[in-house]
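Let me begin by presenting the structure, written as structure tokens, before commenting on it.
The values are calculated or read from the model by the stated rules, or taken from the named source; none is laboratory data. None of these values were measured; they are calculated from a predicted model. Because the Cβ atoms are built from the backbone with ideal geometry, glycine has one as well, and the counts that use them run over all protein chains shown.
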Amino acid sequence: MAAVRTSSEVAANRLAIVAVLVVTIIFLAPIYWIASTAFKPRNLATTIPPTVVFQPEISPFVKLFTKRSQLRTPPTPEEYAAAPWWERVVFDGGEKIVRDGQGQVQWSGYPSRFLNSLIVAITSTILAVGMGTFTAYGFSRFKVKGEADLLFFILSTRMLPPVVVAIPMFLMYRAVGLNDSHLGLIILYTAFNLSFSVWLMKGFMDEIPKEYEEAALVDGYTRMEAFFKIVLPEAATGIAATAVFCFITAWNEYAFALIMTNRRAQTAPPFIPSQVGSGLPDWTVIAAGTFLFLLPVAIFTFLLRNHLLRGMSFGAIRK
Amino acid sequence: MATSMITTLDQSSRAAARGFSDISIRNLFIIPTILFLIVFNIFPLIYSLGYSFTDFRASTNAPANFVGLKNYRDLLNDPYVWSNFAITAKYVIISVAGQLFVGFGVAMLLNRDIPLKGLLTTLLLLPMMLSMAVVGLFWKLLYDPSFGIINYALGLGTFEWLADPKMALYAVALTDIWMWSPFVMLLSLAGLSAVPKHLYEAAAIDRAGPFYTFFRITLPLVAPILMIAVIFRTMEAFKTFDLAYILTSQPTTELISIRLYKMAFQEWQTGRSCALAYIVLIMVLAITNIYVKYLNKVKER
């Protein structure tokens with residue numbers, strides 16, 4: 001931009017800054033609303049006018065993790081006094097925590113779904129990035145016949161709409177008993193992320209000077225040794241960035257999980273919407289579940305901030 | 001195939017003498033990935049191509065009967081399916097145009113010296129990183145006619161966003177614009193920062209007005225990267241499933257992916273849905289092809 005000189009240009013610049021702030025606030029409002037609703041008492045979640053200032057509560061999270069039922073009669077003062085703090089907040093909301101015969105607290109479906117999401121996302125990320133790194137190195141350093149076509153083939157597998165792939169996969173998984181299994185989802189997410197990881201890693205590999213390995217080869221390293229001892233450490237940043245992208249994609253994925261799982265291996269994305277049944281949903285609990293689910297992605301976004309452009313354009317555009 | 005790919009390697013070199021040769025390393029590194037993708041992406045598609053010529057229903061044990069091109073013929077003559085494509089086209093246009101407008105607009109605003117620019121940019125990028133399904137669900141509360149903050153903030157009373165069949169598609173598109181404008185913004189910022197400063201200086205010396213500068217310098221130079229953003233978002237919007245499926249169940253928001261999902265997993269018309277999947281697949285591959293051509297073009301610059 002030309003240097004700012006006249007007073008009207010200064011004013012225009014100030015106006016732009018104000019506009020940016022307004023836009024940022026608008027864009028963040030929905031996320032802020034999720035975070036704030038997650039700490040509200042239930043009766044303040046759906047008020048008119050909306051409640052902005054309130055005493056934060058932890059009760060939505062207690063309710064998120066436990067099975068509850070309506071209280072027919074309020075607890076006696078003794079019961080209330082004997083209950084731990086986390087049970088009292090549920091009593092305060094007119095509900096009680098469900099316990100089994102031995103008095104063990106019954107967990108809600110959320111913790112196991114969250115754990116499933118972690119298992120599936122982490123395993124598929126390791127597989128996709130592992131295989132992708134090797135393949136990217138292969139494409140980056142060696143002559144491969146029909147390289148452009150192979151790379152297009154790899155990319156196109158990623159572009160397929162999930163539902164299109166899910167129909168035959170569902171039938172095949174049903175035939176071999178992989179429906180509603182962690183392994184089934186892990187394979188799907190690995191296949192989905194592998195193409196992405198190859199494309200992104202190839203960009204990072206291309207940036208590592210060939211001379212490094214050539215020097216090592218002259219020094220008597222084998223190609224394998226050169227790859228593991230010279231190339232991999234150089235590619236560490238790229239591998240980390242690719243891994244975070246793959247993790248986020250697998251973590252967020254909804255359509256495959258909806259179709260391929262229903263209980264045992266169900267991940268959080270199809271589970272969270274299923275909490276909205278008929279009648280008035282408890283939005284504080286949904287917000288609490290959403291908040292915990294979005295937290296890792298939000299943290300990763302900050303860690304990734306310098307690689308976002310590259311990742312989102314499949315490594316095509318580099319800063 | 002493997003033998004034809006072999007390139008010459010000096011057999012007397014020390015690297016060849018011990019350990020793997022370059023050729024075997026290359027094959028070892030590339031072939032497993034290709035095989036994996038063939039088994040888990042291509043083989044299923046061949047499998048469903050076969051089913052697309054049958055009347056198979058996955059909900060029954062009845063054997064599949066070969067019906068030839070009947071599924072394809074029926075689908076292409078089905079006004080219902082055509083209306084799903086029309087809805088999808090409308091959705092793609094609204095949402096991509098909105099993202100282009102908002103994303104490029106915000107990038108223009110951000111493309112100057114602003115305190116905390118890095119932090120603001122990262123915060124603005126947050127929506128696109130989040131799960132469409134999970135955040136989309138929460139937009140149901142934001143859109144709620146009686147206690148949603150959107151109606152409250154805009155003073156719209158009890159305006160129906162999702163319950164009104166006419167409005168629902170726009171509401172879904174609006175959420176999509178919120179989520180994906182940051183993507184267009186990110187690419188636009190990269191394009192804007194690559195415009196050589198001396199062009200603006202030359203324009204200033206020539207006393208070119210802001211409109212002239214924008215249309216003759218900024219826009220033409222950013223256009224290729226904007227094009228990438230548009231093609232990529234078009235492809236993604238065409239495939240949209242999560243957001244529309246979560247937000248509403250209006251027939252007016254039944255995008256082609258949703259129709260496909262219902263046909264396959266609710267009506268269990270497996271054979272027919274495989275045929276529809278193939279029609280969608282060909283369309284997506286066509287857009288992907290354009291996208292990759294463009295990517296390579298921009299990369300070369």
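Points worth noting:
- Lone unmet requirement of (1) surrounded by fewer than 23 Cβ atoms within 10 Å (Cβ to Cβ); (2) at the interface with chain A (Cβ under 10 Å from one of its Cβ atoms) for residue B:185: (1)
- Residue check, residue A:282 among the charged types (D, E, K, R), assigned by TED's automatic domain parsing to the domain that holds residue A:178 and within 30 Å of residue A:44 (Cα to Cα): yes
- Residue B:95, sole failed condition from (1) modelled with pLDDT of 95 or more; (2) out of contact with any Asp or Glu (no Cβ under 6 Å at 6 or more places or on another chain): (2)
- Any hit, the range A:145-159, residues being touching a helix residue (DSSP H, G or I) at 6+ places or on another chain (Cβ under 7 Å), among the β-branched types (Val, Ile, Thr), surrounded by 22 or more Cβ atoms within 10 Å (Cβ to Cβ) and more than 10 Å from every other protein chain (Cβ to nearest Cβ): no
- The range A:51-78, residues that are of a type outside the set (Val, Ile, Thr), in contact (Cβ under 8 Å) with a residue 12 or more places away in the chain and assigned to a helix (DSSP H, G or I): A:59, A:60, A:61, A:63, A:64, A:65
- Counting only helices (runs of 4 or more DSSP H) that sit completely within the range A:206-293, those holding 1 or more residues that are under 27 Å from residue A:111 (Cα atoms) correspond to A:236-252, A:255-260, A:268-274.
Listed here are the residues, each with its yes/no results for (1) in contact (Cβ under 8 Å) with a residue 60 or more places away in the chain; (2) facing chain B (nearest Cβ under 10 Å).
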site: A:261; (1), (2): yes, no
site: A:269; (1), (2): yes, yes
site: A:284; (1), (2): yes, no
site: A:290; (1), (2): yes, yes
site: A:301; (1), (2): no, yes
site: A:307; (1), (2): yes, no
site: A:314; (1), (2): yes, yes
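- Selection from the range A:279-296 of residues that are crowded, with 21+ Cβ neighbours inside 10 Å and under 15 Å from residue A:249 (Cβ atoms): A:293, A:294
- Pairs are defined by a Cβ separation below 7 Å, a sequence spacing of at least 6 or placement on different chains, a first member in the range B:53-69 that is closer than 11 Å to residue B:275 by Cβ and at pLDDT below 85, and a second member that is exposed (fewer than 10 other Cβ atoms within 10 Å of the Cβ) and aromatic (Phe, Trp, Tyr); no pair meets this definition.
- Residue pairs meeting the criteria (Cβ under 6 Å; at least 6 apart or on separate chains; first more than 13 Å from chain B (Cβ to nearest Cβ), in the range A:223-240; second among the acidic types (Asp, Glu)): A:230/A:213
- Some residue of the range B:1-19 being at pLDDT 90 or above, farther than 30 Å from residue A:220 by Cα and assigned to a loop (DSSP other than H, G, I, E, B): no
- Output for the range A:9-32, where each listed residue is free of Cβ contacts under 8 Å to residues at least 40 places away in the same chain and at the interface with chain B (Cβ under 7 Å from one of its Cβ atoms): A:13, A:16, A:17, A:19, A:20, A:23, A:24, A:27, A:28, A:30
- Here the condition is being of a type in the set (Gly, Ala, Ser) and surrounded by fewer than 21 Cβ atoms within 10 Å (Cβ to Cβ); of B:194, B:229, it holds for B:194 alone.
- Cβ-Cβ contacts under 9 Å between residues 6 or more apart (or on different chains), taken from a first residue in the range B:137-164 that is within 11 Å of chain A (Cβ to nearest Cβ) to a second residue that is outside any loop (DSSP other than H, G, I, E, B) and among the charged types (D, E, K, R), are listed as B:148/B:140.
- Of residues in the range B:24-56 being touching a Gly at 6+ places or on another chain (Cβ under 8 Å) and among the aromatic types (Phe, Trp, Tyr), the one nearest to the other protein chains (Cβ to nearest Cβ): B:29
- Taking the criterion of being within 9 Å of chain A (Cβ to nearest Cβ) and among the hydrophobic types (A, V, I, L, M, F, W, C), the residues of the range B:188-203 that qualify are B:189, B:190, B:203.
- Matching option when the condition is in contact with a Leu (Cβ under 7 Å, 6 or more places away or on another chain) and at negative phi, among B:231, B:256, B:282, B:246: B:246
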